[in-house]
1. Go through region 196-210 and report how many residues are more than 19 Å from residue 316 (Cβ to Cβ) and assigned to a loop (DSSP other than H, G, I, E, B).
2. Within region 161-186, track down each residue that is surrounded by fewer than 23 Cβ atoms within 10 Å (Cβ to Cβ) and within 23 Å of residue 101 (Cα to Cα).
3. Sort through 202, 190 and tell me the only one that's in contact with a helix residue (DSSP H, G or I) (Cβ under 8 Å, 6 or more places away or on another chain), more than 23 Å from residue 57 (Cα to Cα) and modelled with pLDDT of 95 or more.
4. Can you tell which of 7, 39 is in the same structural domain as residue 107 (by TED's automatic domain parsing), on the phi > 0 side of the Ramachandran plot and surrounded by 22 or more Cβ atoms within 10 Å (Cβ to Cβ)?
5. Among the listed residues 345, 352, 381, identify the single one that is in a helix (DSSP H, G or I), in contact with a helix residue (DSSP H, G or I) (Cβ under 6 Å, 6 or more places away or on another chain) and in contact (Cβ under 8 Å) with a residue 24 or more places away in the chain.
6. Go over the candidates 161, 156, 134, 120 one by one and state the one that is at pLDDT below 95 and touching a strand residue (DSSP E or B) at 6+ places or on another chain (Cβ under 7 Å).
7. Of all the residues that make up region 334-343, how many are surrounded by fewer than 23 Cβ atoms within 10 Å (Cβ to Cβ) and either in contact with a strand residue (DSSP E or B) (Cβ under 7 Å, 6 or more places away or on another chain) or within 26 Å of residue 190 (Cα to Cα) (or both)?
8. Condition test on residue 201, is it surrounded by fewer than 20 Cβ atoms within 10 Å (Cβ to Cβ) and closer than 24 Å to residue 137 by Cβ?
């Protein structure tokens with residue numbers, strides 16, 4: 001059986017890497033003889049995932065001006081307001097690999113959280129037109145994201161695997177009957193423990209991840225996070241390890257974290273992890289932190305999965321749903337507006353420290369159950385493969 005993963009932008013987003021890496025591992029662990037291929041927007045960044053059977057370049061194909069395809073696309077758009085021909089041509093680097101696949105996994109996780117996705121819609125239609133199985137793998141989707149056009153696309157899927165209950169229940173409310181509940185595959189991802197960097201304090205290091213996406217949406221959050229760093233330095237003897245998790249151009253955690261490092265390096269208690277580690281190496285450091293504060297979902301999943309008490313900066317449906325499934329409530333998850341409230345950040349961190357032991361016990365109880373849900377996704381995948 002051949003599986004094609006698509007809707008992947010590249011592994012400079014270590015969360016995307018974590019999804020591909022862990023999904024490949026659990027699929028190969030549970031399905032004998034399966035081959036897993038990846039269509040990637042930046043295939044050169046995915047060579048670090050060695051268990052893949054192949055990586056294809058799925059970057060957008062640009063139609064040459066005044067070519068036959070260009071004229072055909074222009075006519076359809078102008079006369080019939082039909083953009084599908086041009087979009088399908090643009091996505092040809094993914095579509096051309098469908099014929100060699102048995103099951104196609106749309107793996108973006110939160111790809112449907114950023115408005116309508118005409119490119120994905122055309123890929124999905126092409127998959128079904130070729131008689132292949134189509135699976136939405138470990139997704140989170142907000143109610144506000146489901147337009148009529150998106151709902152029509154979601155109905156094409158043979159199987160939708162929601163990675164948390166908020167998405168699962170919402171999709172059922174929308175009348176979809178092809179939905180199953182699982183958990184994010186990254187909960188199962190291995191870790192690699194590298195030597196501690198200079199300045200790391202064993203059992204007394206707090207991880208901090210912050211992202212340009214959050215900062216752009218709430219400009220004052222940058223000042224509030226700085227005040228949180230000051231608060232941790234003034235009220236504890238912890239070291240703070242600034243932890244990037246997305247290092248893509250134009251969306252680089254390291255750039256924003258390095259400014260904090262420069263501001264606080266004289267304290268000798270703020271360090272920054274390198275920007276060239278892979279997902280399992282970042283997880284290796286996160287696993288050995290006392291607490292973790294993170295804006296990137298998969299950085300927080302790395303922490304949760306290693307029983308590290310975690311505070312989430314700037315919630316989305318995915319972070320709310322994941323927290324609810326872990327704790328039975330949305331615990332230590334701050335919404336975007338709250339991130340400019342330094343008093344709220346400080347109070348939440350203090351509460352995290354105060355409830356440390358209870359949180360660890362709860363995670364030790366819930367993480368094995370969550371991991372079983374991650375593996376359950378492969379069982380559902382196997383079932384639709386068996387249907388033929």
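The values are calculated or read from the model by the stated rules, or taken from the named source; none is laboratory data. Being a predicted model, the structure only gives us computed values, none of them experimental. We place every Cβ from the backbone using ideal geometry, glycine too, and count neighbours over all the protein chains shown.
1. Count: 9.
2. 178, 179, 180 - these are the residues of region 161-186 that are surrounded by fewer than 23 Cβ atoms within 10 Å (Cβ to Cβ) and within 23 Å of residue 101 (Cα to Cα).
3. Being in contact with a helix residue (DSSP H, G or I) (Cβ under 8 Å, 6 or more places away or on another chain), more than 23 Å from residue 57 (Cα to Cα) and modelled with pLDDT of 95 or more holds for just one of 202, 190, which is 190.
4. 7
5. Of 345, 352, 381, the one residue that is in a helix (DSSP H, G or I), in contact with a helix residue (DSSP H, G or I) (Cβ under 6 Å, 6 or more places away or on another chain) and in contact (Cβ under 8 Å) with a residue 24 or more places away in the chain is 345.
6. Matching residue, one of 161, 156, 134, 120: 120.
7. Qualifying residue count, region 334-343: 1.
8. Taking the combined requirement at face value, the residue does not satisfy it.
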